[in-house]
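Novice: Below you will find the structure I want to go over with you.
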Amino acid sequence: MNKFLKITLGVLGVILLGIGLLVVTFVLEMKPDKDEEEKIKIQAEQYLEDKFNDNFEVYDTLYDNMGNFGFEYAAKVRDKKGNTEFFVYYDNETKQIVDTYIADKWEDDLETEIHPFIIENFGKTTDFHVSIINDKIGQELGIDPVNPKSYKEFDVAPTIRITVHRKRSDGDEKILNEFISFLKSEDKLQHGSVILEYIAENGVILEDEWGKEF
């Protein structure tokens, strides 16, 4: 009996030790490397000095430990006049420092334009977000960040995700079609996609999401 107890305790000890090591490893991986944070901050400040002007500033850094972005470390930058916030980071594909300014600015600009329509037709509690998948579109189009052009001058096809906190209504498709017509007729956007999702205030999904491309 004593021998069995010792074996059992030994096995439990090994299991607990393994769990402890996993927890410690996880905690360490979740913590950013201070040297890497300082490195990207310095790189971003030099990048801003070379390509932007004094209206832009680094205000923080981001460590992406969950793989949500195309980088591990990035500097958080803001436009002090326009209030657009964006990232500056080292791109492993191009082997150079890049920024997401134009993509984020265009997202902000379009959100401002469509805000009145969405609130009026879907309700004041409606949430919405514009996303441009290619966050390096500014560099690829050769746009000067100091004198940024409008997204209307280019063939941009963003995704507009609208979240309503209720179940699907019979009139939603009509409103969505009117929204797309509004975008095209008002020369706000000629191509893109709109997605409607139904999520309660507590985060519960109420209906399957759906949408249209145009």
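The values are calculated or read from the model by the stated rules, or taken from the named source; none is laboratory data. A quick note: this is a predicted structure, and the numbers were derived from the prediction, not measured. All Cβ positions, even for glycine, are placed from backbone atoms using ideal geometry, and neighbour counts span all protein chains on display. Ligands, DNA and RNA are excluded from the accessible area calculation, which covers all protein heavy atoms including side chains. Shrake-Rupley method; radii C 1.70, N 1.55, O 1.52, S 1.80 Å.
Novice: Only residues that are open to solvent by less than 30 Å² (accessible area, probe 1.4 Å) and touching a residue at least 40 places away in the same chain (Cβ under 8 Å): list them for the range 189-214, please.
Specialist: L189
Novice: Now for a separate question. Does A75 satisfy the criteria of being open to solvent by less than 20 Å² (accessible area, probe 1.4 Å), among the small types (G, A, S) and out of contact with any strand residue (DSSP E or B) (no Cβ under 7 Å at 6 or more places or on another chain)? Even if it seems obvious, please write down each step before you answer.
Specialist: Numbers: open to solvent by less than 20 Å² (accessible area, probe 1.4 Å): yes; among the small types (G, A, S): yes; out of contact with any strand residue (DSSP E or B) (no Cβ under 7 Å at 6 or more places or on another chain): no.
No.
Novice: A further question follows. It is to be established whether one or more residues within the range 32-43 are at pLDDT below 95, touching a Gly at 6+ places or on another chain (Cβ under 9 Å), part of a loop (DSSP other than H, G, I, E, B) and open to solvent by less than 70 Å² (accessible area, probe 1.4 Å).
Specialist: no
Novice: Within the range 117-126, take every residue that is open to solvent by 80 Å² or more (accessible area, probe 1.4 Å) and free of Cβ contacts under 8 Å to residues at least 40 places away in the same chain and give me the one that is farthest from the chain's Cα centre (by Cα). Please lay out each step first, then the result.
Specialist: Let us first name the residues in the range 117-126 that are open to solvent by 80 Å² or more (accessible area, probe 1.4 Å), namely 120, 124-125.
With the extra rule that they be free of Cβ contacts under 8 Å to residues at least 40 places away in the same chain, the set shrinks to 120, 124.
On the way: E120: 25, K124: 23 Å.
Checked the range 117-126; the qualifying residue farthest from the chain's Cα centre (by Cα) is E120.
Novice: Taking the options T163, T100, name whichever one is crowded, with 17+ Cβ neighbours inside 10 Å and among the polar types (S, T, N, Q).
Specialist: Result: T100 is the single residue among T163, T100 that is crowded, with 17+ Cβ neighbours inside 10 Å and among the polar types (S, T, N, Q).
Novice: For the range 171-188, give me each residue that is modelled with pLDDT of 95 or more and open to solvent by 90 Å² or more (accessible area, probe 1.4 Å).
Specialist: K174
Novice: Given the options D155, D135, name the one that is within 16 Å of the chain's Cα centre (by Cα) and charged (D, E, K, R).
Specialist: Only one candidate passes the filter, namely D135.
Novice: Mind checking whether some residue in the range 130-137 is open to solvent by less than 80 Å² (accessible area, probe 1.4 Å), closer than 18 Å to G211 by Cβ and of a type outside the set (A, V, I, L, M)? Spell out the reasoning first.
Specialist: From the range 130-137, those open to solvent by less than 80 Å² (accessible area, probe 1.4 Å) are 130-132, 134-137; that's our starting set.
Next, from what is left, pick out any that are closer than 18 Å to G211 by Cβ: 130-132.
Cutting the leftovers down to of a type outside the set (A, V, I, L, M) gives us 131.
Yes, there is a match, as at least one residue in the range 130-137 is open to solvent by less than 80 Å² (accessible area, probe 1.4 Å), closer than 18 Å to G211 by Cβ and of a type outside the set (A, V, I, L, M).
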